[in-house]
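*Asks:* Can you read through this structure? Questions will come right after.
The values are calculated or read from the model by the stated rules, or taken from the named source; none is laboratory data. Quantities reported herein were computed from a predicted structural model and do not represent experimental measurements. Please note: Cβ atoms are built from the backbone with ideal geometry, for glycine as well, and neighbour counts cover all protein chains shown.
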Amino acid sequence: MKRVSVLAATLMFAATAGVLGASPASAEPAAEGQALLATRVYSTVNGLNIRTGPGTGYTSVGQMQAGQSLPCPSSGCTLVTGGLYNQCGGDSRFWDKVIYGGVTRYVASRCTTWR
């Protein structure tokens with residue numbers, strides 16, 4: 001019984017802390033390199049650039065449309081700090097790692113959710 005209670009408490013904390021399933025566009029993530037249980041990154045906007053590196057100075061190699069998803073790397077969904085951008089309601093330096101064309105690429109984290 002105690003094992004179930006601890007698991008329930010852990011899941012409740014994770015859900016209220018925004019740890020399960022999404023990186024809210026309205027809030028900055030808790031930590032760089034944070035890996036969650038999510039396996040895919042979903043775009044919340046049309047025309048989200050997929051870049052070769054974590055910054056607007058890197059080449060755009062494609063775009064995601066709202067609702068479209070890309071897989072996270074095998075190590076899990078992670079954030080990296082990179083170049084500053086102003087999109088999806090504010091400024092940020094956080095970028096999500098995704099796999100696009102079999103290669104690690106980056107998308108602006110404020111414009112995504114994780115599931």
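*Asks:* Suppose we filter segment 50-72 for residues that are in a loop (DSSP other than H, G, I, E, B), surrounded by 12 or more Cβ atoms within 10 Å (Cβ to Cβ) and not β-branched (V, I, T); how many remain?
*Replies:* Qualifying residue count, segment 50-72: 7.
*Asks:* Can you name every residue in segment 96-115 that is assigned to a strand (DSSP E or B), surrounded by fewer than 21 Cβ atoms within 10 Å (Cβ to Cβ), out of contact with any Lys or Arg (no Cβ under 6 Å at 6 or more places or on another chain) and not aromatic (F, W, Y)?
*Replies:* I99, V103, T113 - these are the residues of segment 96-115 that are assigned to a strand (DSSP E or B), surrounded by fewer than 21 Cβ atoms within 10 Å (Cβ to Cβ), out of contact with any Lys or Arg (no Cβ under 6 Å at 6 or more places or on another chain) and not aromatic (F, W, Y).
*Asks:* Of all residues in segment 46-72, how many are within 16 Å of F94 (Cβ to Cβ) and within 13 Å of the chain's Cα centre (by Cα)?
*Replies:* Total meeting the criteria: 4.
*Asks:* Right, another one. Would you pick out the residues in segment 21-62 that are touching a Ser or Thr at 6+ places or on another chain (Cβ under 7 Å), hydrophobic (A, V, I, L, M, F, W, C) and at pLDDT 55 or above?
*Replies:* V41, I50, V61
*Asks:* What is the number of the single condition among (1) touching a strand residue (DSSP E or B) at 6+ places or on another chain (Cβ under 6 Å); (2) surrounded by fewer than 15 Cβ atoms within 10 Å (Cβ to Cβ); (3) modelled with pLDDT under 95 that S75 does not meet?
*Replies:* Among (1) touching a strand residue (DSSP E or B) at 6+ places or on another chain (Cβ under 6 Å); (2) surrounded by fewer than 15 Cβ atoms within 10 Å (Cβ to Cβ); (3) modelled with pLDDT under 95, the lone unmet condition for S75 is (1).
*Asks:* Output the number of residues of segment 82-95 satisfying the condition of being touching a Lys or Arg at 6+ places or on another chain (Cβ under 6 Å) and surrounded by fewer than 13 Cβ atoms within 10 Å (Cβ to Cβ).
*Replies:* Counting residues in segment 82-95 that are touching a Lys or Arg at 6+ places or on another chain (Cβ under 6 Å) and surrounded by fewer than 13 Cβ atoms within 10 Å (Cβ to Cβ) gives 1.
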